[in-house]
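Asks: Before I ask anything, here is the structure I am working with.
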Amino acid sequence: MLGIWHSEMERIWKRKSTYSLYVAYILIIVAIIWSYKMTGTKIFRFGEGSMLVNNLNLPWLMMSEVALFLTLAMLPILYVDQLSGDLYSGAYRLYMLRPYRRLWFWLAKMLALSITTVIFVGTGLFISVLAGWFLFPHSSTFLKYGASTPSTLSDAITYILTFYLILLMVCLVKLMLSSAVCLFVSRPLFAYLSILVLSVFLFKLAR
């Protein structure tokens, strides 16, 4: 099982499409951070006002844009490329020649894509923490969303990590949804559009 997982990780990161997505993701993060640096404030999307950006709240404030790009574009494209792409190109037939059960291949691919998802989400957190420390004013307190009284540094760390953990869980749910769709829709473009439509439908259903 470990050997299959290692092979799947190599296959994911040897593709130019994966590196292109990863580089584009980093550039988007840098662009978001730079826009905050230029304005010094974050304007909330739904009219809740604005907030001054500092080293503590930067990782949390930039999550709205990062989560949008990850869940709607970056990761679904990666998932479809790895799942429907293999089915549509016929590459999966070569993997089936190896003496492993299909379930093991599926579990190894899901594990490899899950770890890749962790890398994407972790990269966003890591870059935002570094940028907050070196590019933005330092603060000893943290103001949570909708709160009127500031919180301590330890509360800020817990708050931010919780948000990123929730984002990771959402991305992994999107991975499960993508794997289910790709079993029935082999064409990558149609698979991506199906995932997008289902995501919107499930979001409205859960509200």
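Asks: What accessible area per residue, rounded to a whole number of Å², is obtained for the chain using a probe radius of 1.4 Å?
Replies: I get 58 Å² per residue for this part.
Asks: Ignoring ligands, DNA and RNA, please state the percent of accessible area on the chain from carbon and sulfur, probe 1.4 Å.
Replies: With neighbouring chains kept in place, the figure for the chain is 73 percent.
Asks: To the nearest 10 square angstrom, what accessible area does Lys109 show with a 1.4 Å probe?
Replies: Spelled out: Lys109, probe radius 1.4 Å, area about 30 Å².
Asks: Need the C-alpha centroid separation for the range 1-35 versus the range 158-179, integer Å.
Replies: Cα centroid to Cα centroid, the span is 17 Å.
Asks: Ok, one more. Helix 75-89 versus the longest principal axis of the chain: what angle, 0 to 90°, nearest 10, using Cα atoms?
Replies: Orientation of helix 75-89: about 10 degrees from the principal axis.
Asks: A further question follows. Mean-square fluctuation check for the chain, GNM, Cα pairs under 10 Å: which of Ala180, Ala147, Ala67 is largest?
Replies: Ala147
Asks: Mind telling me which of Ile77, Ile43, Ile119 comes out most flexible in a GNM of the chain, alpha-carbon contacts under 10 Å?
Replies: Fluctuation is largest for Ile43.
Asks: Rounded to the nearest 20 Debye, what is the dipole magnitude of the chain about its Cα centre when Lys and Arg each give +1 and Asp and Glu each give -1 at the C-beta?
Replies: 580
The values are calculated or read from the model by the stated rules, or taken from the named source; none is laboratory data. Computed from a predicted structure; not experimentally measured. Cβ sites come from the backbone with ideal geometry, for glycine too, and all protein chains shown count toward neighbours. Only protein heavy atoms, including side chains, enter the accessible area calculation; ligands, DNA and RNA are left aside. Shrake-Rupley method; radii C 1.70, N 1.55, O 1.52, S 1.80 Å.
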